[in-house]
1. Mind listing just one residue for me: the one in region 199-219 that is open to solvent by 30 Å² or more (accessible area, probe 1.4 Å) and assigned to a loop (DSSP other than H, G, I, E, B) and, of those, nearest to Ser44 (Cα to Cα)?
2. Quick check on Arg50: is it in contact (Cβ under 8 Å) with a residue 60 or more places away in the chain, out of contact with any strand residue (DSSP E or B) (no Cβ under 7 Å at 6 or more places or on another chain) and among the basic types (Lys, Arg)?
3. Of the residues Ile105, Ile19, Ile6, only one is surrounded by fewer than 14 Cβ atoms within 10 Å (Cβ to Cβ) and aliphatic (A, V, I, L, M); which?
4. Does region 81-95 contain at least one residue that is more than 15 Å from the ligand (Cβ to nearest atom) and either open to solvent by 60 Å² or more (accessible area, probe 1.4 Å) or out of contact with any strand residue (DSSP E or B) (no Cβ under 8 Å at 6 or more places or on another chain) (or both)?
5. Can you name the residue in region 159-187 that is exposed (fewer than 15 other Cβ atoms within 10 Å of the Cβ) and polar (S, T, N, Q) and, of all such residues, is farthest from the chain's Cα centre (by Cα)?
6. Name the residue that is nearest to the ligand (Cβ to nearest atom), counting only residues in region 1-26 that are without any contact (Cβ under 8 Å) to a residue 60 or more places away in the chain and in a helix (DSSP H, G or I).
7. If Thr190 passes every condition in (1) under 28 Å from Asn233 (Cα atoms); (2) more than 16 Å from the chain's Cα centre (by Cα) but one, which one does it miss?
Amino acid sequence: MTNINIIDRNKLPQHVAVIMDGNGRWAQKQGKDRIYGHEYGVNSVREVARAAAELGIKYLTLYAFSKENWKRPSDEINALMSLLVNTIKNEISILIENNIRLLVIGDMSDLTDDCRNEINKSISQTSANNGMSLILALSYSAHWEIIDAVKKIARLVKDNKLNIEDINENVLTENLNSKGIPFPELLIRTSGEKRISNFLLWQIAYTELYFTDKLWPEFSKEDFYKAIIEYQNRERRFGMLSEQLK
Ligand code: FPP
């Protein structure tokens, strides 16, 4: 029994963001090392990206590597970077066939030249696609993104291009690394952890949060549909009263 038929196509979120957590625990449960979990997690990436594109979701952001993940042991970091670059390289033709545009948010200056060049190549190969945007958050943290925006705004003020009084929510949003990408309506986190881990803090002010105990490698398209259905059943009030929405 699939849940896809219960989804209301007129009430889809435009942007879904995902914290893909639990790869390490999943691998350890199978008696394997953590890298095996990341490798297996790529299957869930593929499945969820396909499900989102087929539904007509316009933006899917995946938290692939945080700024804090650089503190992990170097063999795990190296394996994750190779996995990311190789997966992008291997999947590029599928992205192109499906009119998917690849974008990255995060501090690309942290990556090795090779990684950055490969990723930039794939980004430009898909830049004309106008179907779903698949956004990888890579060496990303929301604090980094907000501080980076504040520095840009401070420079505009210093250069007399912006008055302090004119700084507002739009100015901050427009100076974020993720500018141009609408805020997510739904954020999914797998693995049972109920925290945000420095992901899209500015953008999720009114985002619906969905937590599931499934570990990322176990998360399937049906689990994705379930999250969409739960989102569609929530009342989004944006600080107003229920009656005002009717
Ligand atoms: C968190 O699980 C997962 C990551 C830090 C990496 C996610 C990356 C992938 C699934 C590969 C992605 C590939 C592409 C192309 C997007 P964890 O290691 O923190 O798990 P744990 O909490 O059980 O230790």
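The values are calculated or read from the model by the stated rules, or taken from the named source; none is laboratory data. On a predicted model such as this, the values are computed, not experimentally measured, just so you know. When we count neighbours, we look across all protein chains shown, and the Cβ atoms used for this are built from the backbone with ideal geometry, even at glycine. We work out accessible area using only protein heavy atoms, side chains counted, and drop any ligands, DNA or RNA first. Shrake-Rupley method; radii C 1.70, N 1.55, O 1.52, S 1.80 Å.
1. Across region 199-219, the extreme among qualifying residues is Lys214.
2. yes
3. Working: Ile105 fails: surrounded by fewer than 14 Cβ atoms within 10 Å (Cβ to Cβ); Ile19 fails: surrounded by fewer than 14 Cβ atoms within 10 Å (Cβ to Cβ).
Going through Ile105, Ile19, Ile6 in turn, the sole match is Ile6.
4. Let us first name the residues in region 81-95 that are more than 15 Å from the ligand (Cβ to nearest atom), namely none.
No, region 81-95 contains no residue that is more than 15 Å from the ligand (Cβ to nearest atom) and either open to solvent by 60 Å² or more (accessible area, probe 1.4 Å) or out of contact with any strand residue (DSSP E or B) (no Cβ under 8 Å at 6 or more places or on another chain) (or both).
5. Result: Asn160.
6. Pass one, region 1-26, residues without any contact (Cβ under 8 Å) to a residue 60 or more places away in the chain: 1, 5, 9-10, 24.
Checking which are in a helix (DSSP H, G or I) leaves us with 5, 9-10, 24.
Values: Asn5: 28, Arg9: 26, Asn10: 29, Gly24: 3 Å.
That would be Gly24.
7. Of everything listed in (1) under 28 Å from Asn233 (Cα atoms); (2) more than 16 Å from the chain's Cα centre (by Cα), Thr190 misses just condition (2).
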